[in-house]
Amino acid sequence: MSKKELENKIIAAIKTVYDPEIPVDVYELGLIYEINIDELNNVDIKMTLTSPSCPSAEELPGEVESKTKALEEVNEVKVSITFDPPWEKSMMSEEAQLELGFM
């Protein structure tokens, strides 16, 4: 399996994680900044939250990690949170913006 194929599987897994306050998955919300896969299929995911005081701050990264780790091709998973750059509505996909009535 190529890195691109694995990345697509990881994205599909991440798209099953929803912000409990918004009916859109964390990928379409633009909360996933980076997905890095090394040669041993260890995955490093850099993500953010809609705000530093997000009530799901504990749950979302753990859910992203467990859904990614559940893929049999994936070895280790590390999810780190960053607020640089801070998340804003423009980071959402068009699909998410339409869903939430921003377009």
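A short reminder: the numbers here are calculations on the coordinates, not readings from a lab. Quick caveat: nothing in here was measured; it's all calculated off a predicted structure. Virtual Cβ from ideal backbone geometry, glycine too; neighbours counted across all protein chains shown.
Let's see if you can work this out: charge +1 on each Lys and Arg Cβ, -1 on each Asp and Glu Cβ, no other charges. What is the dipole magnitude of the chain about its Cα centre, in debye to the nearest 20?
60 debye
Taking Rh as the Kirkwood radius computed over C-alpha pairs, what is the Stokes-Einstein D of segment 3-85 at 25 °C in a medium of viscosity 0.890 mPa s, expressed in µm² per second?
193 µm²/s
Given only helices, namely DSSP H runs of n ≥ 4 each adding -39500 (n - 2.57), what is the per-residue ellipticity at 222 nm of the chain, to the nearest 500 deg cm²/dmol?
Calculated mean residue ellipticity at 222 nm is -8000 deg cm²/dmol.
Neighbour counts of other C-beta atoms within 10 Å: give me ASP38, ASP19 arranged from fewest to most.
In increasing order of surrounding Cβ atoms, one gets ASP38, ASP19.
Taking H placed 1.01 Å from N in the peptide plane, check which residues at least 5 places from ASP19 or on another chain put their amide H under 5 Å from its amide H.
Counting only residues 5 or more places away or on other chains, the set is VAL24, VAL26.
Residue by residue through segment 82-99, which ³J(HN,Hα) values in whole Hz follow from phi under the Karplus form 6.51 cos²θ - 1.76 cosθ + 1.60 (θ = phi - 60°), with glycine and proline marked x?
Using θ = phi - 60°, the values come out as 9, 10, 10, x, x, 5, 9, 3, 5, 7, 6, 5, 4, 4, 5, 5, 5, 4 Hz.
Write down the percent of antiparallel bridges among all DSSP beta bridges whose residues are both part of the chain, to the nearest 5.
Roughly 55 percent of the beta bridges in the chain run antiparallel, per DSSP.
Pairing the Cα long axis of helix 3-14 with the longest principal axis of the chain, what angle in degrees results, from 0 to 90 and rounded to the nearest 10?
Approximately 50 degrees, to the nearest 10.
Taking Cα atoms, how many degrees apart are the long axis of helix 59-69 and the longest axis of the chain, rounded to 10 and kept between 0 and 90?
That helix lies at roughly 30 degrees to the long axis.
Please compute the modelled spin-label separation between GLU94 and LYS78, points set 7 Å along Cα→Cβ, answer in nm with one decimal.
Those two pseudo-labels are separated by 3.6 nm.
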